[in-house]
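Step one of this worksheet: look at the structure below.
The values are calculated or read from the model by the stated rules, or taken from the named source; none is laboratory data. Treat the numbers as computed from the prediction; the structure is a model and nothing was measured. As a convention, Cβ positions derive from the backbone with ideal geometry for all residues, glycine included, and neighbour counts pool all protein chains shown. We work out accessible area using only protein heavy atoms, side chains counted, and drop any ligands, DNA or RNA first. Shrake-Rupley method; radii C 1.70, N 1.55, O 1.52, S 1.80 Å.
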Amino acid sequence: MRNVPDSLDPAVVAEIDARLRGVEREHGVRIPWAIESGSRAWGFPSPDSDYDCRFLFVRPVEDHLALWPARDVVETPLDAVFDVNGWELAKAVRLLVNGNATVTEWLRSPVVYSGDEGFRDRLLDLAAAVADRGRIGRHYLHVAKRQQERGLTLKRFFYVLRTAAALRWLHDHPGHATPPMDLPTLLAESSVDAAVRDAATELIELKARTREVGTGTAPTILQRFVADELARGRHFDDLPPENPSAEARERAEAYFRAEVQRR
C-alpha cells in the first residue's frame, strides 16, 4: 500500500523511495513498512519541516545465525531535509513488548511510503495482544515531561499537546492501548470539547503558514487541556513496574519467528 498526500514534495518523496530501495539492496533486507513520522505525520507541519521517514526491516533467517549480528538500526545520511532511518523487526518487537508506543504509532501513520498491509495487521494484532496500557501511558506522560523540561516554546507545545491528546484517547478507550499517531485523529476520536478541537485546528493552521513557529503563546484553552490531561495521566506513574508476562514473550517469539520466515 501507499498513501502519500499531494502536499509532500514529489522530489523529496522520490529521494526517500530511492533511499529505501538502497537500504534493501545494500543491507540485504526487506522493508515491509516505511512511513512518515514527525510533524508531517503528527498533523501539524510547518512549511519548512524536514522529512522523518521511519521504516521496519526484516533480515533473512541466516543473518540471525551469525556469530556477529549486524546492527538492529539502519541510518541514511542526515541533513536539513532528510531524516531516514529504521529498526530491525526484533528490536521493534522487543520495544513493543516493553511498552514503547513508537512502533504502534508507526503502524498507524497516515503517511505511508510503502507498506505490506498484511505485515502491518499482523504486528498490530500482536500489539493488541501484548501492549501494556500502563507502560504506554507512562511513555506519553514522560515524553510530555521531557519536552516541558526543555522549555516550552510554541513548537514544543505541539509535542506536549499531542501526548496529552494521546493520554485523553487512552482514557476514553479503556479497552485499547494503541492510540492513533496524528493529533487531529486523536482529538476526533476522543470526548474533548469542540472548543478544544477548534483551538487546536486554528493553531495547526497557524503553524502551517509559519516557518517552524517557535515564539508566541498557546491559547489558554489548550494550555488548560494539556494541564488537565497530564494531571489525569499521573496515575500511570503510580502503577507498579512489571516485567512483560511470559505469555506476552511467547506471543512475541511466535510472531517474530513466523514473520522472519515469510518470503
Filter the range 56-81 for residues that are free of Cβ contacts under 8 Å to residues at least 40 places away in the same chain and within 28 Å of ARG156 (Cβ to Cβ); the one that is least open to solvent (accessible area, probe 1.4 Å) is VAL73
Could you tell me which of the residues ALA258, ALA164, ALA248, ALA227 is in contact with a Leu (Cβ under 8 Å, 6 or more places away or on another chain), small (Gly, Ala, Ser) and either surrounded by 12 or more Cβ atoms within 10 Å (Cβ to Cβ) or not in a loop (DSSP other than H, G, I, E, B) (or both)? ALA164
How many residues does the range 54-72 hold that are closer than 22 Å to ARG120 by Cβ and aromatic (Phe, Trp, Tyr)? 2
Residues that are within 17 Å of the chain's Cα centre (by Cα) and either outside any helix (DSSP H, G or I) or modelled with pLDDT of 90 or more (or both), drawn from the range 143-160: VAL143, ALA144, PHE158, TYR159, VAL160
For the range 17-55 the number of residues that are under 18 Å from the mean Cα position of the chain (by Cα) and either farther than 11 Å from SER114 by Cβ or not in a strand (DSSP E or B) (or both) is 15
Residue within the range 52-75 that is closer than 25 Å to SER7 by Cα, in contact with a Cys (Cβ under 9 Å, 6 or more places away or on another chain) and either among the hydrophobic types (A, V, I, L, M, F, W, C) or at pLDDT 95 or above (or both) present: no
Tell me, yes or no, whether the range 82-104 has at least one residue that is within 20 Å of ASP17 (Cβ to Cβ), in a strand (DSSP E or B) and free of Cβ contacts under 8 Å to residues at least 40 places away in the same chain. yes
Mind checking which residues of the range 230-245 are assigned to a helix (DSSP H, G or I) and either touching a helix residue (DSSP H, G or I) at 6+ places or on another chain (Cβ under 7 Å) or more than 24 Å from HIS171 (Cα to Cα) (or both)? LEU230, ARG232, PHE236, ASP237
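Yes/no per residue for (1) in a helix (DSSP H, G or I); (2) in contact with a Lys or Arg (Cβ under 9 Å, 6 or more places away or on another chain); (3) small (Gly, Ala, Ser):
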residue	(1), (2), (3)
HIS176	no, yes, no
LEU186	yes, yes, no
SER191	no, yes, yes
ALA199	yes, no, yes
Take the residues in the range 85-128 that are among the basic types (Lys, Arg) and out of contact with any Pro (no Cβ under 7 Å at 6 or more places or on another chain); name whichever of them is surrounded by the most Cβ atoms within 10 Å (Cβ to Cβ). ARG120
Quick check: is even one residue across the range 10-29 in contact with a strand residue (DSSP E or B) (Cβ under 8 Å, 6 or more places away or on another chain), without any contact (Cβ under 8 Å) to a residue 40 or more places away in the chain and farther than 23 Å from ALA208 by Cβ? yes
